1. Among 67-80, 14-27, what's the highest-first ranking by average C-beta atoms within 10 angstrom per residue?
2. For a Förster distance of 22 Å, can you work out the FRET efficiency between the beta-carbons of residue 111 and residue 72, rounded to the nearest 0.05?
3. Would you calculate the volume per residue, in Å³, of the smallest convex hull containing every Cα atom of the range 71-114?
4. Test of understanding: what is the full-extension gain from residue 90 to residue 102, defined as 0.36 nm times their sequence separation minus their Cα-Cα distance?
5. Provide the gained length on full extension for the span residue 13 to residue 51, in nm with one decimal, where the gain is 0.36 nm per separating residue minus the Cα-Cα distance.
6. Using the basic label-point model (7 angstrom from Cα toward the beta carbon), what is the residue 58 to residue 22 distance in nanometres?
């Protein structure tokens, strides 16, 4: 079976019209706010679009750092708890049965224990590093 490819040509106007239709559909679905729709469709110069993109990047960077800070706090709390109960978990792992000559719980806990030790050393090193 032989198929032929149709070449479609696009003009700048047809691309713009299609983009506006897609934005309108996003707005109608509630996935794009009225404010964002007006901002995007109200731009007329490439510099305006570039400015909007840069502003959005800066806004997302600020939000991203807040998310990272919160995530770091949560992970540190979990790590501290695991370090606190590490000795008890070590005892439980030592008494767990082997399956086919392997202690699967020991392998998993050993990997986690390794990460705890490495993270503890990196936290100590970060605390010792002088800041300017």
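1. 14-27, 67-80
2. Using R0 = 22 Å, I get an efficiency of 0.55.
3. Given the Cα convex hull of the range 71-114, per-residue volume reads 67 Å³.
4. This chain segment gains 2.7 nm when fully extended.
5. Length difference between fully extended and current span is 11.4 nm.
6. Result: 2.7 nm between the two label points.
A short reminder: the numbers here are calculations on the coordinates, not readings from a lab. Computed from a predicted structure; not experimentally measured. Ideal geometry is used to build each Cβ from the backbone, glycine not excepted, and the neighbour counts take in all protein chains shown.
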